[in-house]
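J.: The following block contains the structure, expressed as structure tokens.
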Amino acid sequence: MSMTRFRRHLLAVALALIAVAAHAADTDRRAVLVDIRTATAAEVDAWRTAAGVDWWLELGDELLLSGDVSAMRRAIARDVVLRDLGKFEPQDLVLHARGCAVDLTPPDLLVYPGSRYDLLLRPDAARMAALGHGDPAHVGADEWVEVQPNSVIARQYRFERPRALPADPAISMLVAEVDTARWFADVEMLASWDRSSFSSELATARQWIAARFAALGLEVSEPSFSLVYGATTYTPSNVIGRLVGATRPDDWVIVGGHYDSRNAINSPAYAADTPGADDNATGCSAVLELARIFSRKRPAATMFFMCYAGEEQGLVGSGAHAAGLQASGELSKVRLAAIMDMIGWSPNATLGADLDTTSANLATRNLFADAALTYVPELAITVSPLTCCSDHMPYINRGRPGILSIHRSYTGYVHYHKSTDLPANLGSHAQAIGGAIMKMNVAAVASVAGPMDRIFSHDFDD
């Protein structure tokens, strides 16, 4: 072999070795999920910027890290890496809103199930169209959201507020009045009726709610609205119990949750077998429980206790109420819309709830999260700047402070939108999680409404 050919051979071998090394290095750059449930804020911050990390996403209980897997594992130095997700880049991912019109995300696309938005591998155009909502009103926000690398999609609130604020004795007294047995009895009663917005039994449930409001001395109204399905227009009604404030009657606080329900097929032909225990007899019953507590105290602000219909068809009832306030010029009186939706199930004794609102309502979010830390420390709170798909959205979209309380892992509830969503299937932790979320709402709402003619100060959205 000539010297020239030998040199060429050596060069080819060297290039091949470089290519193999580069390929090996490239294949070791993948995404992994890291369990951060017991991590400190300092640890999470360090892991996000650790050697080998190309980009990250904070997802609540877990942290997605993408980069050199070996280097990242060495930097973490703890057995908290849950699973290898494979190789992808931020542009390969997308966030998709899950509303009442959408079935569970196909497993081959699901990267991480979120509170209201799932993290997906980006589907092609045909699958994206198939997964989409037929009516944007079901969402109340952007259905598809681009993934920004190095961003927080959901966060454990303890990272932001490691220590609770001091308790107010007057609010502690209100929180102690939450009666979970009474609440669960109401859940059982509501779930005994088919409460589809297309069911004749919805009116029976509405009348029962109205009677409960009236028995508390509230001013009761049942405004109807139009709900169009196909060529037919239905006229379901919301139920409202009004308690006029003692000293600030033009400051309005809404406590709400929908009372309609559905099963797997959301249509008039399938209006039967719609018990809707978790979704959402639990939330409507919570509205009744808060009405009982506050009606005894005569709050400073006016309170509206509202159970909406038409939520499962696209937030129609709450949308009608918010639009009516806007048309009458009274929308600016709304100081808070606190919505509870699916608050009665927990997979275990570790209780958790998600607080969903927009980044514009940061003070509202902090108000509720601080209430949990102070008055219900057993309730772990996750917060997110992404929100959609429940009755808080019509108020938020019209510029008023709104927030949703929902139990964690709602997509893990196997009876969701099924005829088996029965009180018996809420499990042994139903009263614990329902009570915790109600107590958080009592404390936060009291800070705005001012029970017993007392105005509580808080840095709250105007």
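J.: Straight-line reach from Lys297: which aspartates and glutamates have a Cα under 15 Å away, not including same-chain ones fewer than 8 places off?
T.: Candidates past the 8-residue exclusion: Glu177, Glu289, Asp453.
J.: Could you calculate the contour length gain from Gln431 to Arg163, that is, 0.36 nm times the residue separation minus the distance between their Cα atoms, to one decimal place in nm?
T.: Computed gain between Gln431 and Arg163 is 93.9 nm.
J.: Follow-up. Given a 1.4 angstrom probe, what's the average accessible area per residue across the stretch 277-411, in square angstrom?
T.: 23
J.: Could you pull the accessible area for Val220 with a 1.4 Å probe, rounded to 10 Å²?
T.: 60
J.: Could you please put Asp251, Asp356 in sequence from largest to smallest accessible area, using a 1.4 Å probe?
T.: On the way: Asp251 45, Asp356 0 Å².
Listed by decreasing accessible area, they come as Asp251, Asp356.
J.: Nearest-5 percent of antiparallel DSSP beta bridges in the chain?
T.: Here the antiparallel bridges make up roughly 60 percent for the chain.
J.: Quick one: longest stretch of the chain between exposed loop GluC sites (Glu not before Pro), exposed meaning at most 16 other C-beta atoms within 10 Å and loop per DSSP?
T.: Answer from the scan: 1-159.
J.: To continue, here is another question. What ranking of Thr233, Thr420, Thr357 comes out by heavy-atom accessible area, probe 1.4 Å, highest first?
T.: Numbers: Thr233 80, Thr420 55, Thr357 0 Å².
The residues order as Thr233, Thr420, Thr357, largest area first.
J.: Return the whole-Å distance between the Cα centroid of the stretch 51-92 and the Cα centroid of the stretch 332-380.
T.: Cα centres, the stretch 51-92 to the stretch 332-380: 29 Å.
J.: If you don't mind, there's one more thing I want to ask. For the stretch 371-454, what class follows from the C-alpha gyration tensor (a ≥ b ≥ c being the square roots of its eigenvalues): rounded when a/c is under 1.5, otherwise prolate if a/b is larger than b/c, else oblate?
T.: Judged from the Cα gyration tensor, the stretch 371-454 comes out oblate (a/c at least 1.5, b/c at or above a/b).
J.: Multiplying the sequence separation of Asp142 and Asp179 by 0.36 nm and subtracting their Cα-Cα distance, what value in nm do you get?
T.: Values: separation 37, 0.36 × 37 = 13.32 nm, distance 3.76 nm.
Difference between extended and current length: 9.6 nm.
J.: Over the stretch 116-214, what per residue volume does the convex hull of the Cα atoms give, in whole Å³?
T.: Looking at the stretch 116-214, the number lands at 214 Å³ per residue.
J.: Rounded, prolate or oblate: which fits the stretch 174-262 when a ≥ b ≥ c are the square roots of the eigenvalues of the alpha-carbon gyration tensor, with rounded for a/c under 1.5 and prolate only if a/b beats b/c?
T.: oblate
J.: For the stretch 325-395, run through the trypsin sites (Lys or Arg not before Pro) and keep only the ones in DSSP coil with at most 12 other Cβ atoms within 10 Å of their Cβ. If you can, show how the numbers build up before the last one.
T.: On the way: sites: Lys333, Arg335, Arg365; in loops: none.
The qualifying sites: there are none.
J.: Mean Kyte-Doolittle of at least -0.5 plus a Cα span of 30 Å or more along the axis: flag which DSSP H helices in the chain meet both, please.
T.: Flagged H segments are 3-27.
J.: Tell me the carbon and sulfur percent of the accessible area for the stretch 366-459, rounded to whole percent, probe radius 1.4 Å.
T.: Carbon and sulfur atoms account for 51 percent of the accessible area of the stretch 366-459.
J.: Continuing with this model, one more query. Is it possible to state the helix-based mean residue ellipticity at 222 nm for the chain, with each DSSP H run of 4+ residues giving -39500 (n - 2.57), the sum divided by total residues, to the nearest 500 deg cm²/dmol? What is it?
T.: It comes out at -10000 deg cm²/dmol, rounded to the nearest 500.
J.: Then there's this: Could you sort Trp144, Trp193 by accessible area so the largest value comes first, with the probe set to 1.4 Å?
T.: Reading off the accessible areas and sorting them downward yields Trp144, Trp193.
J.: Charges at C-beta only: +1 for Lys and Arg, -1 for Asp and Glu. How large is the resulting dipole of the stretch 341-462 about its Cα centre, in Debye rounded to 20?
T.: It comes to approximately 160 debye.
J.: Set the Förster radius R0 to 30 Å, insert the Cβ-Cβ distance between Tyr270 and Thr49 as r into 1/(1 + (r/R0)^6), and round the FRET efficiency to 0.05.
T.: The computed FRET efficiency comes out at 0.05.
J.: What chymotrypsin sites (Phe, Trp or Tyr not before Pro) does the stretch 256-335 have in DSSP loop regions with at most 12 other beta carbons within 10 Å?
T.: Those that pass, being in a loop and sparsely packed, number zero.
J.: Accessible surface of Ser328 in the full protein assembly, 1.4 angstrom probe, to the nearest 10 Å²?
T.: Answer for Ser328: close to 70 Å² accessible.
The values are calculated or read from the model by the stated rules, or taken from the named source; none is laboratory data. What you are looking at is a predicted structure, and each value in this text was computed from that prediction instead of being measured. Using ideal geometry, Cβ is built from the backbone for each residue, glycine included, and neighbour counts are taken over all protein chains shown. Note: accessible area is taken over every heavy atom of the protein model, side chains too, but ligands, DNA and RNA are not part of it. Shrake-Rupley method; radii C 1.70, N 1.55, O 1.52, S 1.80 Å.
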